[in-house]
């Protein structure tokens, strides 16, 4: 079995389902729950135990969503075999990936919103000049422009690796600045779109050229 452990997000916090841990530990879930109940006070020193109940096959199934420290504690109660050591490493990696993703998202969103504030300003100007295109079309087009510059498909951004998310974040900043410049110069919406497209494409191409030179 792979040591890639799936996490569950609960109230913006990463948690591990005890059913998942039981499967990785190659143990029955009821035994894992019994261990948690036996040492409940120890687990609660590391945070509130989040128990939930779901129906499976018509039967209620009780499980817990453990936080990072509680998950490590559970594994510490298991014999320190090679398999369990591998699970500990997998758990460290899983929580590390989650934190990196959250940080990447926190860095990305403010610039994304700033860009789309400018897109709204462009749409307002276009409407004043007689355009009948819905505002959402302007937002869709700017996202499509950036996606195409990096060869991305619609809906792919949430799953981007960190280095690519950083590039798209930078492209949002560049696009916002170019859009501000275009609006200040009085460009119509088509000319403004072209101005942004050329700048973002130049930025994306510069990265490709650096990779080719390093190869």
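The values are calculated or read from the model by the stated rules, or taken from the named source; none is laboratory data. It should be emphasised that the depicted structure is a prediction, and the values quoted were computed from it without experimental measurement. Neighbour counts run over all protein chains shown; Cβ positions are idealised from the backbone, glycine included.
A few comments on the model shown:
- Flag if residue 68 is assigned by TED's automatic domain parsing to the domain that holds residue 12, out of contact with any helix residue (DSSP H, G or I) (no Cβ under 6 Å at 6 or more places or on another chain) and either at negative phi or in contact (Cβ under 8 Å) with a residue 60 or more places away in the chain (or both): no
- Conditions (1) within 25 Å of the chain's Cα centre (by Cα); (2) assigned to a helix (DSSP H, G or I); number of the one not met by residue 64: (2)
- Residue in region 78-93 that is surrounded by fewer than 19 Cβ atoms within 10 Å (Cβ to Cβ) and within 30 Å of residue 176 (Cα to Cα) present: no
- Residues of region 13-64 satisfying the condition of being touching a residue at least 40 places away in the same chain (Cβ under 8 Å) and surrounded by fewer than 12 Cβ atoms within 10 Å (Cβ to Cβ): 26
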